[in-house]
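The values are calculated or read from the model by the stated rules, or taken from the named source; none is laboratory data. As the structure is a computational prediction, the values presented were derived from the model and not from experiment. Reconstructed Cβ throughout: ideal geometry from the backbone, glycine too, with neighbour counts over all protein chains shown.
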Amino acid sequence: MSENTAVQGPEFAVLLGMPVVIRSEAMRQVMQFVQRVAQTTASVLITGESGAGKELIARALHQFSLRCNMPWVDVNCGALPEHLMESELFGYEKGAFSGADKMKQGLFDLAHMGTLFLDEIGELDPRMQVKLLRVLDGVPYFRLGGVKKVSVDARIITATNQNLEEGIRAGKFRSDLFHRLSQLHIHVPPLRERHEDIGALAEFFLHQNDPGMRFSPDALEALGRHGWPGNVRELRNTVMRAAIVASGNEIRVSDLPAGINNAPPLKPSMSPTSLDEMERQMIMQVLGQTGGHHAKAAQVLGISRRTLSRKLKTYGVGDACEALTAC
């Protein structure tokens, strides 16, 4: 097992250098689903609130895939100005513009045979959405200022905290690109719906900051009551601040921000979708995108056609689907 996937107990692992701490059943279900879909060729759209852990899921998809030993390339679409996004994604040739004194490979080039993660995909401007769609459909592209087309093979994973379907209705996001990117969809639940993860993550962050410190029982209880609108990012910052404020080796309730040490108890969240139900949703979604074609759907899913037919029969749709498509 490589260093990047070394598991140090049932709740901790490292994926591409990013630590993963999981104790809740909701996140265990998500990670089991990730391991099932990682070895497919489908594009994956990851949704969830800011700070919930979407990049963690993207890294897991790469690490558990057949491309795990190939390049991992990531870019935040919201962090680059529009006029730089095209050259970053597709590269440029020498002399393409003032200051282009040598050829530069784009991120698609760099991700060849590996994975390209486009975070905050909802921030991509309409012109770049068109070009991205063409590349995803397998159309070779030119680098800026180039005369030779470039073809790449990269798995695309995207993430957003926006509602892209609302963006489609508002004319800000292309529906054809949305359907191409969301062949598979993974939603990361917010931290308030993963109550068991709060204490585990807090103790992990505290140990990272100072292994000699600890939480008092009432401080841990207060952390568990908070709603964490900023999710894991907010929790990490809160722990770091409390470790600085605390006068001794123990973080007490009084060391926590006022909005946390007097928070009311969290309402219990709904039980997570079962792994079998997530698998069923994934299979039906891919079948819809392939027009019900069993062979194509099985290829996208990374399973045999026989396995697909068997699963469809358990869902009670096998015979009808087979008769409808004759595939």
Next item on the list: Go through Ser50, Ser65, Ser43 for me and flag whichever is touching a Leu at 6+ places or on another chain (Cβ under 6 Å), in contact (Cβ under 8 Å) with a residue 40 or more places away in the chain and not hydrophobic (A, V, I, L, M, F, W, C).
Entry: Ser43
Note to self: For a quick check of your reading of the model, give me the residue pairs whose first member lies in region 193-219 and is farther than 19 Å from Ser24 by Cβ, whose second is part of a loop (DSSP other than H, G, I, E, B), with beta-carbon atoms closer than 6 Å and at least 6 apart or on different chains.
What the structure shows: Gly212/Asn249; Met213/Asn249; Ser216/Arg252; Ala219/Arg252
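Yes/no per residue for (1) modelled with pLDDT of 90 or more; (2) part of a loop (DSSP other than H, G, I, E, B); (3) under 26 Å from Arg236 (Cα atoms):
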residue	(1), (2), (3)
Met31	yes, no, yes
Leu56	yes, no, yes
Ala60	yes, no, yes
Ser65	yes, yes, no
Met70	yes, yes, no
Ser98	no, yes, no
Leu118	yes, no, yes
Arg127	no, no, no
Val130	yes, no, no
Check: So Glu88 clears everything in (1) more than 17 Å from the chain's Cα centre (by Cα); (2) in contact (Cβ under 8 Å) with a residue 24 or more places away in the chain; (3) surrounded by fewer than 19 Cβ atoms within 10 Å (Cβ to Cβ) except one condition, right? Which one?
Finding: (2)
Margin query: For region 119-140, check the following and say yes or no: at least one residue is of a type in the set (Gly, Ala, Ser) and within 18 Å of Phe108 (Cβ to Cβ).
Written below: yes
Item checked: Pairs where the first residue, in region 106-120, is within 20 Å of Ser182 (Cβ to Cβ) and the second is part of a helix (DSSP H, G or I), C-beta under 7 Å, 6+ apart -> Phe108/Leu89; Phe108/Phe90; Phe108/Val135; Thr115/His62; Leu116/Leu107; Leu116/Phe108; Phe117/Ala58; Asp119/Glu55
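I'd like the residue in region 132-174 that is in a loop (DSSP other than H, G, I, E, B) and surrounded by 19 or more Cβ atoms within 10 Å (Cβ to Cβ) and, out of all such residues, is farthest from the chain's Cα centre (by Cα).
Filtering region 132-174 down to residues in a loop (DSSP other than H, G, I, E, B) leaves 137-140, 143, 145-148, 151-154, 161-163, 170-174.
Next cut, surrounded by 19 or more Cβ atoms within 10 Å (Cβ to Cβ) only: 143, 152, 154, 173-174.
Working: Arg143: 28, Val152: 22, Ala154: 16, Phe173: 19, Arg174: 20 Å.
Among those that are in a loop (DSSP other than H, G, I, E, B) and surrounded by 19 or more Cβ atoms within 10 Å (Cβ to Cβ), it is Arg143.
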